[in-house]
Amino acid sequence: MLNSMTGYASASGSGQGFEWTWDMRGVNAKGLDIRIRVPDWIEGLEAGIRAVLTKSLSRGSISVGLRVQAVEESSGFALNEAHLTDVLAALEKIEDKAMQQGISLAPSKASEIIGLRGVFEASSQEKDVKLLTQEILKTLPDLVTDFKSMREAEGASLSEILENQISEIADLTEKSATIAEARKDEMKSTLQANLARVLENTDGADENRVAQELATMVVKSDVTEEIDRLKAHVGAARDLIAKGSPIGRKLDFLMQEFNREANTLCSKAQNVELTNLGLDLKTVIDQMREQVQNVE
């Protein structure tokens, strides 16, 4: 089964006093490129995500985003009453000392006191991010499964398109072979006539040398090898698709070989009908190559 490199999935979860939402997107790429956006304060989360994705995916540009928020705004913080008592006692001593020296201090505001280090601090729930990280990572496999399912669905459609294009290439190749075979006698007669004309009008020419030159022209116009290689490439492409992903890179290389043979066929055609078939081949091959860029 083929997998496309295009896909999308989302998931959500909750735990440890927090709620979170995942989103995961994929597009085509030469290799595996993973980009992760997660809250900075959750330590170890990015490494855990990257490990799961690297194991599950082989190719594509993958973007993963995670949004985390507390269930209640104040759930992650608590008042440290013991420390507050010490702070208030210290403030009282400071004010008494100031009064003894005749110094008048402005009254302390609650907002100023609560801003002092240690008075209003992160609760143990927020401090223990390891538990939160574990809870969040537990929901990642379901996200990856949904993402891969979408890629498989896209891949099924892609496989059908590629198989139709391969069949079209095979059909055009067979037509080219038929025309190439039919033109052999015509080319033979044409070359023999050319040889006779050259020999009649060339005094002192080496007949064997002329024959060799014409034989070289025959070889240069023979498209048998190109047609045979095109047929072989058709078989190789079908085998790869039957094998399933990851085959994207191999298919991409094979498309280069397809295109090379089609180009050579056109350059050696010396026949309008065969040239047109070669151009049709190049068109289908180019269309197929665009689709192959999305195969994992």
Residue pairs meeting the criteria (Cβ under 7 Å; at least 6 apart or on separate chains; first closer than 30 Å to Trp20 by Cα, in segment 69-98; second among the aliphatic types (A, V, I, L, M) and at pLDDT 80 or above): Gly76/Ala70
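Which is under 29 Å from the mean Cα position of the chain (by Cα), farther than 23 Å from Ser4 by Cβ and modelled with pLDDT of 90 or more, of Ala232, Ala242, Ala237?
The conditions single out Ala232.
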Regarding Ala170, is this residue at pLDDT below 90 and surrounded by 13 or more Cβ atoms within 10 Å (Cβ to Cβ)? no
On the given criteria, is Thr21 surrounded by 13 or more Cβ atoms within 10 Å (Cβ to Cβ) and of a type in the set (Ser, Thr, Tyr)? yes
List pairs: first residue in segment 99-124 and farther than 18 Å from Ala89 by Cβ, second residue modelled with pLDDT of 70 or more anywhere in the structure, Cβ distance under 6 angstrom, at least six positions apart or on different chains. Glu121/Asn80
Give segment 255-296 a look and list any residue that's closer than 26 Å to Thr178 by Cβ, in a helix (DSSP H, G or I), in contact (Cβ under 8 Å) with a residue 24 or more places away in the chain and of a type in the set (A, V, I, L, M), or say none. Met255, Ala262, Leu265, Leu274, Leu277, Leu281, Val284, Ile285, Met288
Filter segment 37-47 down to residues that are closer than 18 Å to Pro141 by Cα and surrounded by fewer than 16 Cβ atoms within 10 Å (Cβ to Cβ), then give me how many there are. 3
Quick one: in segment 48-93, which of the residues that are of a type in the set (D, E, K, R) and at pLDDT 90 or above is surrounded by the most Cβ atoms within 10 Å (Cβ to Cβ)? Arg59
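Every residue, every condition in (1) under 30 Å from Ile62 (Cβ atoms); (2) in contact with a helix residue (DSSP H, G or I) (Cβ under 6 Å, 6 or more places away or on another chain); (3) at pLDDT below 90; (4) surrounded by 15 or more Cβ atoms within 10 Å (Cβ to Cβ), yes or no:
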| site | (1), (2), (3), (4) |
| --- | --- |
| Ser221 | no, yes, yes, yes |
| Asp228 | no, no, no, no |
| Pro246 | yes, no, yes, yes |
| Gly278 | no, yes, no, yes |
| Asp286 | yes, no, no, no |
| Val295 | yes, yes, no, yes |
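The values are calculated or read from the model by the stated rules, or taken from the named source; none is laboratory data. These figures come from a predicted structure and were not determined experimentally. When we count neighbours, we look across all protein chains shown, and the Cβ atoms used for this are built from the backbone with ideal geometry, even at glycine.
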